[in-house]
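Note sheet for the following structure.
The values are calculated or read from the model by the stated rules, or taken from the named source; none is laboratory data. Remember, predicted model here, so these are calculated numbers, not experimental data. Glycine gets a Cβ as well: all are built from the backbone with ideal geometry, and neighbour counts include every protein chain shown.
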Ligand code: CAA
């Protein structure tokens with residue numbers, strides 16, 4: 001795992017543990033042995049540590065976390081490097097992260113190619129640097145930079161790292177050759193003072209001021225996460241305590257975090273995010289299907305979603321034809337794109353060059369003829385089957401045979417849309433989440449006839465435009481909205497029965513959701529849900545009136561309609577479930593008028609208000625969604641619980657530190673979840689979503705561990 005060789009007077013320790021040269025046990029042993037050998041080797045006067053393949057070590061081996069740790073520990077390896085009688089040079093390329101950066105900071109010199117990135121991303125795994133990184137980085141960079149870098153986990157580009165003092169030299173050309181030359185040059189220099197532990201933390205007397213600013217920031221930015229706060233505290237101790245005491249403080253905080261549920265959940269989410277890239281569908285998988293090249297695109301519909309999708313494509317450097325039915329809609333879409341781009345530049349999310357290039361790549365048009373040669377089209381018109389079919393029938397006639405035809409539908413079965421074309425194998429769903437330029441989930445959907453090639457193309461496109469693509473099989477509502485349906489219906493039922501919108505929102509926000517369901521409704525527009533409900537009724541061959549209490553055999557609550565009737569559409573009208581400071585305002589406050597609407601709704605239907613506990617609010621929303629999640633698994637809409645969890649994290653901003661609803665259910669215990677679902681099935685009749693799922697029952701009864709759920713899914717499908 002670590003190859004030892006000698007080139008002239010320099011020993012080279014080449015870490016060889018693909019794909020990311022993680023510092024697993026064998027690598028740590030290899031580094032320890034290599035340093036000891038180099039120190040003894042009479043031919044050797046300096047030592048290089050370098051990574052083979054694509055990167056310098058990108059950190060500890062996360063797969064070893066939670067297992068009994070085996071010596072030598074990273075700190076012991078680092079101490080050997082630090083106290084080595086010969087200078088050690090870290091030669092960095094790729095990503096030098098976590099334990100990798102610890103090794104580099106233990107070394108006496110650090111050189112890097114300009115494309116390299118360094119960082120301490122432990123915080124994203126619910127941890128902090130555990131081998132002294134929080135004590136040594138601040139001695140190099142000063143407290144504010146160390147606090148920010150460690151609490152954000154940001155990957156810092158080499159040039160910036162040089163400015164911060166982390167990298168000594170940026171080098172070009174062949175890294176090993178340059179490192180050999182550098183290692184020879186430093187042989188004649190004294191290097192003991194290069195050891196970071198003897199350096200003084202700059203401006204240590206201002207630690208209180210820096211720490212309080214950093215804490216205010218991280219508590220706001222990473223609300224609910226434990227690790228960022230601990231990261232700031234660890235760095236703070238580098239200025240307040242001696243090096244030894246600081247190391248001990250870091251260790252204590254590391255152990256505390258390591259035992260927390262948050263770290264476990266965040267590490268699960270790390271691997272879940274990678275697991276969902278390994279998609280499978282009947283007839284193909286990520287291994288067998290080849291994506292088609294996408295060099296040009298078109299977006300049909302320049303509304304909020306279409307414009308947001310165009311921004312995603314343009315930001316990734318893809319040319320986009322934006323097609324609308326009239327000049328007025330087209331121009332408003334172009335203006336929206338420009339304003340999103342300007343806002344992103346202002347926030348530092350997009351560079352000025354990217355925004356300028358995007359402007360040249362955008363081609364507004366009113367003519368279908370213009371898009372006949374594009375490689376991929378995304379339709380983003382109104383969520384109505386007839387309109388979508390009309391668009392697809394036109395696309396089928398005009399687009400070149402190889403073009404991939406995507407629909408940004410949030411609920412409609414892909415098969416019903418693709419039936420309007422003569423090439424259903426090219427039709428695939430690409431469901432973006434609002435706001436499309438911000439939310440990271442891309443729910444890709446295959447229909448019965450969609451080809452694996454079309455799926456491979458949109459899975460790759462998702463990565464290209466910096467989304468997290470998750471593949472699901474087509475059905476009404478797919479994965480995310482199918483689970484969201486009971487979740488948000490229950491929120492309204494709870495208010496119908498006696499809870500206030502504020503109480504429901506508070507329970508959700510206390511759990512870690514960034515916004516409660518009523519604030520979300522006000523944001524997305526009460527008029528939108530009003531219209532969607534009418535579409536659903538139309539599909540069911542019925543209509544909604546004041547008397548409607550059931551829709552499609554399911555309980556229906558007309559409260560949303562009463563708010564709609566009063567013109568309270570949410571933020572856009574300055575009032576909805578809440579009152580806002582102005583039209584388009586963001587500050588939600590409770591509104592007596594809204595309470596009156598709710599009270600008179602209850603009275604008119606003879607509902608006696610009852611007190612509802614936070615526990616009931618939580619369980620009715622989240623457990624009904626989990627029950628639906630198991631149904632989705634059982635029906636093979638997705639293949640593994642990871643796909644559900646990642647969809648919630650990136651589609652609904654579910655708190656990553658809880659892993660996702662399915663992971664959360666596994667932590668609560670499936671038997672308990674199942675029992676509560678049975679309880680609500682009895683106490684909340686008339687909601688199909690409370691029928692306890694058979695797969696859930698089976699897994700609960702057999703006490704099947706989370707990692708085995710997916711195996712039972714495929715068995716239950718057979
Ligand atoms: N440990 C184990 N496996 C790892 C790993 C790690 N640190 N980093 C990546 N991998 C695995 C991934 O799971 C993936 O495996 P599969 O192919 O089986 O799915 C494979 O390596 C490639 O990873 P990516 O798909 O993420 O590759 P990428 O090129 O897109 O990104 C990367 C590379 C930027 C290094 C990214 O993998 C990453 O961010 N890794 C995690 C880095 C990290 O968090 N390091 C700190 C670890 S904690 C630590 O170091 C603390 C300590 O010392 C005590």
*Can we say residue 649 is within 30 Å of residue 435 (Cα to Cα), within 20 Å of the chain's Cα centre (by Cα) and in a helix (DSSP H, G or I)?*
yes
*List pairs: first in region 550-578 and free of Cβ contacts under 8 Å to residues at least 24 places away in the same chain, second buried (at least 20 other Cβ atoms within 10 Å of the Cβ), Cβ under 7 Å, 6+ apart or cross-chain?*
574/580; 575/568
_Selection within region 221-245 - more than 17 Å from residue 656 (Cβ to Cβ), part of a helix (DSSP H, G or I) and away from the ligand (no atom under 14 Å from the Cβ)_ = 232, 233, 235, 236, 237, 238, 239, 240, 243, 244, 245
*asked:* Scan region 441-449 and tell me whether some residue there is within 26 Å of the chain's Cα centre (by Cα), assigned by TED's automatic domain parsing to the domain that holds residue 395 and modelled with pLDDT under 95.
replied: no
*Give the residues of region 685-698 that are out of contact with any strand residue (DSSP E or B) (no Cβ under 8 Å at 6 or more places or on another chain) and surrounded by 14 or more Cβ atoms within 10 Å (Cβ to Cβ), sorted by residue number.*
690, 692, 693, 695, 696, 697, 698
*Evaluate the following for residue 159: is it assigned by TED's automatic domain parsing to the domain that holds residue 10, within 16 Å of the ligand (Cβ to nearest atom), within 23 Å of residue 58 (Cβ to Cβ) and touching a residue at least 40 places away in the same chain (Cβ under 8 Å)?*
no
_Which of the numbered conditions does residue 137 fail, given that it passes all the others? Conditions: (1) away from the ligand (no atom under 11 Å from the Cβ); (2) under 29 Å from the mean Cα position of the chain (by Cα); (3) more than 22 Å from residue 225 (Cβ to Cβ)._
(3)
*Would you tally the residues in region 33-59 being in a loop (DSSP other than H, G, I, E, B), in contact (Cβ under 8 Å) with a residue 60 or more places away in the chain and under 32 Å from the mean Cα position of the chain (by Cα)?*
2
*Determine whether residue 153 is within 15 Å of the ligand (Cβ to nearest atom), buried (at least 23 other Cβ atoms within 10 Å of the Cβ) and on the phi > 0 side of the Ramachandran plot.*
no
*Quick one: is residue 265 on the phi < 0 side of the Ramachandran plot, away from the ligand (no atom under 13 Å from the Cβ) and not assigned by TED's automatic domain parsing to the domain that holds residue 215?*
yes
_Regarding region 516-528, can at least one residue be identified that is in a helix (DSSP H, G or I), touching a residue at least 24 places away in the same chain (Cβ under 8 Å) and over 21 Å from residue 434 (Cβ atoms)?_
no
*Inside region 270-306, can you point out the residues that are under 20 Å from the mean Cα position of the chain (by Cα) and within 12 Å of the ligand (Cβ to nearest atom)?*
270, 271, 272, 273, 274, 275, 276, 277, 278
_Return the residues of region 13-35 that are more than 16 Å from the ligand (Cβ to nearest atom) and in contact with a helix residue (DSSP H, G or I) (Cβ under 7 Å, 6 or more places away or on another chain); say none if nothing qualifies._
13, 35
*Filter result (within 24 Å of residue 563 (Cα to Cα) and not in a helix (DSSP H, G or I)) within region 601-628*: 605, 606, 607, 608, 609, 610, 611, 612
*Any idea which of (1) under 17 Å from residue 91 (Cα atoms); (2) over 31 Å from the mean Cα position of the chain (by Cα) is the one residue 198 doesn't satisfy?*
(1)
*Could you grab me the full set of residues in region 268-304 that are crowded, with 23+ Cβ neighbours inside 10 Å and assigned by TED's automatic domain parsing to the domain that holds residue 453?*
297, 298, 299, 300, 301, 302
*Would you tally the residues in region 263-294 being in contact (Cβ under 8 Å) with a residue 60 or more places away in the chain and more than 20 Å from residue 453 (Cα to Cα)?*
11
*Within region 667-700, count every residue that is under 17 Å from residue 631 (Cβ atoms) and assigned to a helix (DSSP H, G or I).*
18
*Looking at (1) under 26 Å from the mean Cα position of the chain (by Cα); (2) in contact (Cβ under 8 Å) with a residue 60 or more places away in the chain; (3) assigned by TED's automatic domain parsing to the domain that holds residue 209, can you tell me which one residue 255 breaks?*
(2)
*Those residues of region 77-106 which are assigned to a loop (DSSP other than H, G, I, E, B), touching a strand residue (DSSP E or B) at 6+ places or on another chain (Cβ under 6 Å) and away from the ligand (no atom under 15 Å from the Cβ), in sequence order*: 86, 87
*Kindly establish whether residue 469 is in contact (Cβ under 8 Å) with a residue 24 or more places away in the chain and either under 30 Å from residue 684 (Cβ atoms) or crowded, with 19+ Cβ neighbours inside 10 Å (or both).*
yes
*Return yes or no: is residue 121 more than 14 Å from the ligand (Cβ to nearest atom), surrounded by fewer than 23 Cβ atoms within 10 Å (Cβ to Cβ) and within 20 Å of residue 271 (Cα to Cα)?*
no
*Which numbered condition residue 177 fails, given (1) within 23 Å of residue 250 (Cα to Cα); (2) more than 13 Å from the ligand (Cβ to nearest atom)*: (1)
*Taking into account only those residues within region 238-253 that are touching a helix residue (DSSP H, G or I) at 6+ places or on another chain (Cβ under 8 Å) and surrounded by fewer than 24 Cβ atoms within 10 Å (Cβ to Cβ), which is nearest to residue 66 (Cα to Cα)?*
253
*Selected residue (only one of 65, 56 is within 15 Å of the ligand (Cβ to nearest atom), touching a helix residue (DSSP H, G or I) at 6+ places or on another chain (Cβ under 7 Å) and under 23 Å from residue 175 (Cβ atoms))*: 56
*Scan region 185-206 and give yes if some residue there is in contact with a strand residue (DSSP E or B) (Cβ under 7 Å, 6 or more places away or on another chain), in the same structural domain as residue 45 (by TED's automatic domain parsing) and modelled with pLDDT of 95 or more, otherwise no.*
yes
